[in-house]
Amino acid sequence: MSTAPAYIPTHGSLAERVTEWFRANPDEELNRFDIATKFGVLQSAVSKDLQWACLEGSIEYVPSRAKGQGVFRLTRPAVTAPATTTTEEPALQLATPDLVFSISPQRQLQVSFFVPGRADPQMVLAAMLTAAAQAIGNNS
């Protein structure tokens, strides 16, 4: 059990305002442009300002195949697939607009990420693998 305190967004912050808006409108979804327009913030700041609320689980980011076209929404309970289907839901999934981590029930990790135009994809992957190996080594 974690002893870390639960995430509480700063009063008046974008994370608090967006979370409250989604609680009042639970069936709605907003992309970064919608949030920037509705809450009067820069579109480029939306993902960063909402990352902790996503990681904490108040809201979730649902990625799209088109870069940057995903949506934020109130976190929804996981839907269990019927026993007759072969489709497997991830045991754990964390997503931001540029990065998705999924862990299958068989403990297999799948990572999808966007590499900015000037970044070297091999260097980004090497850095991610190094960080993951260190985290696994520290928790063994």
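The values are calculated or read from the model by the stated rules, or taken from the named source; none is laboratory data. What you are looking at is a predicted structure, and each value in this text was computed from that prediction instead of being measured. Glycine also receives a Cβ, built like all others from the backbone with ideal geometry; neighbour counts cover every protein chain displayed. Side chains included, ligands, DNA and RNA excluded: accessible areas come from the protein's heavy atoms. Shrake-Rupley method; radii C 1.70, N 1.55, O 1.52, S 1.80 Å.
General remarks:
- Solvent-accessible area per residue in segment 29-68 equals 59 Å², computed with a 1.4 angstrom probe and all protein chains kept.
- LEU74 sits among other residues whose Cβ lies under 12 Å from its own Cβ, and their net charge, with Lys and Arg +1 and Asp and Glu -1, is -2.
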